[in-house]
Structure formats: C-alpha cells, structure tokens
Amino acid sequence: MDKKAKKILFSAYWKNGWLNDKDRYTSEDDFEYAKSKGLMFEPFSINHDECIKSIKDLERQISENDIAKAFLSSLSTRRLDWRSALSTYSIVKNIPEHEYSPVISGTSFTDGKPTSHSYTCGICKDSQYGVIGHESYKSCDLSVLNFERIKWVGVRHGDILYSHFDLTQFIRSDISEPNDEDISCFKQILKTIDSSEPSDYPSTLEKRLAEVIKSNKSERQVLIEILASIGVLKPGNYERPIKGRNDWVFVEYWRGEDKYSKERVNELFGKYL
C-alpha cells in the first residue's frame, strides 16, 4: 500500500478524531495522487438492483479459500483491509438475487403522531440480521469507506454499498499465504473464546483478546463482529437482555456460554488448521 496515498486518505477524515465535514479538505493534486494509487475515489452512484446484481457477480468470482486466506494473513500483518472481506463475503452469500422490496425501517413522531417513515429493502433485511439495502445510493463517498476499511476493518458491513465496495477492492488485492504466526494467533483467539465464562458479554471477550492479538479496541470489536457475521460466534438466543447502549450488531446477543462453532471454523479454516 502506497504510504503517501494512505497518509492523504487518512488526513482527509481524521486528526486525533473524526474531522467535521467543514474541516475536511484534500487538494486536487493530493486527491489525484491517492486516486491513482487506488485509495481515494470519485463520488459513486448505484441503485439497489444494480448493486445486488454486481455483488452477486463479485461473489461468484471469489472462493471461500481466498477469503479465509486473506483473513488469516491479516492477523500478524494488521492488514485490516484484507480482514474485512470475510464478513462481507459471508453476508453476500446469504443475500438472494432480487429486486428492491421496501419495508418501513423507522418512523419519526411529532406530538405522538407518526410524521414520516424511513425504508429499507425487506429481502435484504430478512437475509441476515443487520443487513441494510437502500433503494438508491447517490454521489456516495467511497473514500471514507476505504478509510474505515483500512483503519478499522470497515464499520458498515451490513450495508450493501459497503459489500459492493469491499468485494471490488478485494478482487484487486494481492494477498500472501498465512504464516505460522497467523495460524498460531487464530488458534489463540479460538482458545480465548472457548474459555469464556457463560455470562460473558461481547465486551468482555473484546478485553480478553487484547492479550492475544496486536490490536486496539476498535479493531478487536470489529474482529468479534466479523466472527459473528460468519457464524463462528453464533448467539444461542436472540431474546437475551442487552446491557446498556452499545454499537454491537451481529454479535449483540452472543454470550460466553455459546463459545464458538467448531463446524463453521472447520468449514472456513480447516485447510489451515
């Protein structure tokens, strides 16, 4: 990854925290340089049906082994962009080819009366918990998606626009085979999950993984979400109480008693384990 282009990308959105929209600026020369290195992008528009068709076409060009290899190879290198596609690919496999089918996703109220609704695609929504499909995406900023993908492994894995972007970038990547350090790290992650106390919440697992993998809190949170989105961390019950406000999506209802799915691990990573 080109270091200069990465610095341009990061400085466009982050300076000791998120930059406000009014403070975001990238010179034309810097933008063109980062774009030439594949790290920044022109505004992008696509509608739901085009997006679904494209991500299903991309899915057919990728094998589960390609995805598993990239995920494992990311563990020692901290190439978080390689790690992201595992979640995306697993989500996309659950989405059928279909046309936009709107359902209400939220309602605004004034004086106790509904005043407006927001919508999402019902077929996308029902394909897997946490998946979102809007009717259209207009002049979207793909550069910020790439920033999030490189810095945190992505934070919008349920949105079909991110799925489209992530798989497009994955196909263009040259990814190395996992080494012994990668395999050892993954085994330690599984061992840590397996030793969870029955009442442990995802936040407890996040803290415990700090001793296992070189990472910050955000990276560990997304790592856990990825493992949940692919069925390795599978909640045994979706009616459990939630502890306070949180940003968990796929793993929200997982508890330590659920451990991890050995069957799913073997399906995805058996070749390497």
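Net charge within 11 Å of Ile52 by Cβ-Cβ distance, Lys/Arg positive one each and Asp/Glu negative one each, not counting Ile52 itself? Intermediate results must be reported in sequence, preceding the final value.
On the way: positive: Lys53, Lys56; negative: Asp49, Glu50, Asp57, Glu59, Glu97, Glu99.
Net of charged neighbours comes to -4.
In what sequence, highest mean first, do 243-251, 126-134 appear when ranked by Cβ atoms within 10 angstrom?
Sorting 243-251, 126-134 by mean packing, highest first, produces 126-134, 243-251.
List the pairs from Lys7/Lys93; Lys53/Lys259; Lys15/Lys138; Lys151/Lys243 whose alpha-carbon separation is above 29 Å, in the order I gave them. Can you show the working numbers first?
Working: Lys7/Lys93 34 Å; Lys53/Lys259 35 Å; Lys15/Lys138 27 Å; Lys151/Lys243 27 Å.
Going by Cα-Cα distance, Lys7/Lys93; Lys53/Lys259 fall outside the 29 Å limit.
Expressed as a whole number of Å, what is the distance separating the alpha-carbon centroids of the stretch 38-109 and the stretch 161-209?
The distance from the Cα centre of the stretch 161-209 to that of the stretch 38-109 comes to 17 Å.
What translational diffusion coefficient, to the nearest whole µm²/s, does the chain have by Stokes-Einstein, given a Kirkwood radius computed over alpha-carbon pairs, a temperature of 37 °C and 0.692 mPa s viscosity? Could the numbers behind the result be given before it?
Details: Rh = 19.9 Å.
After rounding, the answer is 165 µm²/s.
Tally Lys and Arg at +1 and Asp and Glu at -1 over the other residues with C-beta under 9 Å from the C-beta of Ser199: what net charge comes out?
Neighbour charge sum, excluding Ser199 itself: -2.
Hey, what number do you get for the chain at 222 nm if only DSSP H runs of n ≥ 4 count, each worth -39500 (n - 2.57), divided across all residues, to the nearest 500? Don't jump to the answer; show the numbers that get you there.
On the way: 12 runs with 134 residues, N = 273.
Result for the chain, helices only: -15000 deg cm²/dmol.
Under the √(5λ) rule applied to the eigenvalues of the Cα gyration tensor, what semi-axes describe the equivalent ellipsoid of the stretch 67-199? Give them in Å, descending. Please list the in-between numbers first.
Working: eigenvalues 223, 75, 38 Å².
In descending order the semi-axes read 33, 19, 14 Å.
Ranked from highest to lowest mean number of other Cβ atoms within 10 Å per residue, what is the order of the peptides 254-260, 183-189?
Numbers: 254-260: 19.1, 183-189: 17.0.
So the peptides 254-260, 183-189, ranked by packing, come out 254-260, 183-189.
Report Rg(Cα)/(2.2 N^0.38 Å) for the stretch 1-40, keeping two decimals.
On the way: Rg = 9.9 Å, N = 40, 2.2 N^0.38 = 8.9 Å.
Cα-based Rg divided by the globular estimate yields 1.11.
What are the chymotrypsin sites (Phe, Trp or Tyr not before Pro) within the stretch 1-110 that DSSP puts in a loop, where the Cβ has at most 13 other Cβ atoms within 10 Å?
Working: sites: Phe10, Tyr13, Trp14, Trp18, Tyr25, Phe31, Tyr33, Phe41, Phe44, Phe71, Trp82, Tyr89, Tyr100, Phe109; in loops: Tyr25, Phe41, Tyr100.
Hits after loop and neighbour filter: Tyr25.
Given N residues in the stretch 177-260, what is Rg(Cα) / (2.2 N^0.38 Å)?
Cα-based Rg divided by the globular estimate yields 1.06.
Values in this text are rule-based calculations from the coordinates and carry no lab data. Because the structure is predicted, anything quoted here is derived from the model rather than measured. Note: ideal-geometry Cβ built from the backbone for every residue, glycine included; neighbour counts use all protein chains shown.
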